Amino acid sequence: MRILGIDYGEKKIGVAISDEKAKFAFPYSVIDNSSANSVLRALKIICDKNNVIKIILGQSLTFKMEPNLIMKRVEKFKSFIEERLNIPIEYESEILTTKQAKRAIESPIRGKQARCGRKGVKPKDKKIHASAAALILQGYLDRNA
């Protein structure tokens, strides 16, 4: 039994999944947010394939812990998938998770190349969103261990 983490975005939706003991979160994939039905189909396949029992959705808040502009879309998305997948969904704060994921992916390569002054690997868009979803999910798993 696994838990799914989601980093909702208007263009891309990052997905992460826990191990079977729900201790660790791993980046899984990115879904193009082209239509609600295509996202639903992709999530259904992932949930069925991995025996997902719960979904953790990033809650988009300001630093004052108030809903920001995108939160209305996140709430609508939550209602849409919760009704259709019949899997419980809980929120977890996503403050700075995308920035953390981007920073980790952009960090310079250690060793010779870093000493030679070469820049680190440029981030792949998909890695950032899936990694942000993993950070959201790991936050939830850590708090609920």
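Every read-out reported here was derived from the displayed coordinates using simple, explicitly stated rules and does not represent laboratory data. Quick caveat: nothing in here was measured; it's all calculated off a predicted structure. Methodologically, a virtual Cβ is constructed for each residue, glycine included, from the backbone with ideal geometry; neighbour enumeration extends over all protein chains shown.
Going highest first, how would you order 1-9, 129-137, 74-82 by mean Cβ packing within 10 Å?
Top of the packing list down: 129-137, 1-9, 74-82.
Relative to the present Cα-Cα distance, how much length would full extension add between Ala36 and Asp48 at 0.36 nm per residue of separation?
2.5 nm
Taking 0.36 nm per residue of separation and subtracting the Cα-Cα distance, what length does fully extending Ser93 through Asn144 add?
Here the answer is 17.0 nm.
Given R₀ = 30 Å, what would the calculated FRET efficiency be for Ser79 paired with Phe24, taking r from the Cβ atoms and rounding to 0.05?
Once the sixth-power term is evaluated, E becomes 0.55.
Report the equivalent ellipsoid semi-axes for the range 26-67 in whole Å, largest first, defined as the square roots of five times the eigenvalues of the gyration tensor built from alpha carbon atoms. Spell out each step's value before the answer.
Details: eigenvalues 117, 42, 18 Å².
Gyration-tensor ellipsoid for the range 26-67: 24, 15, 9 Å.
Order by neighbour count: Met71, Met65, fewest other Cβ atoms within 10 Å first, most last.
Met65, Met71
Near the amide H of Lys12, under 5 Å away, which other amide H atoms are found, from residues 5 or more places off or on another chain, if H is placed in the peptide plane?
Hits under the 5 Å cutoff: Asn33.
Is there a pair in Lys23/Lys76; Lys21/Lys44; Lys12/Lys76 whose C-alpha atoms are over 24 Å apart, and which pairs would that be?
Violating the 24 Å limit, Cα to Cα: Lys23/Lys76.
Near Lys54, which aspartates and glutamates are there with a Cα under 19 Å away, not counting those fewer than 8 places off in the same chain?
Partners found: Asp7, Asp19, Glu20, Glu75, Glu82, Glu83, Glu90, Glu92, Glu94, Asp142.
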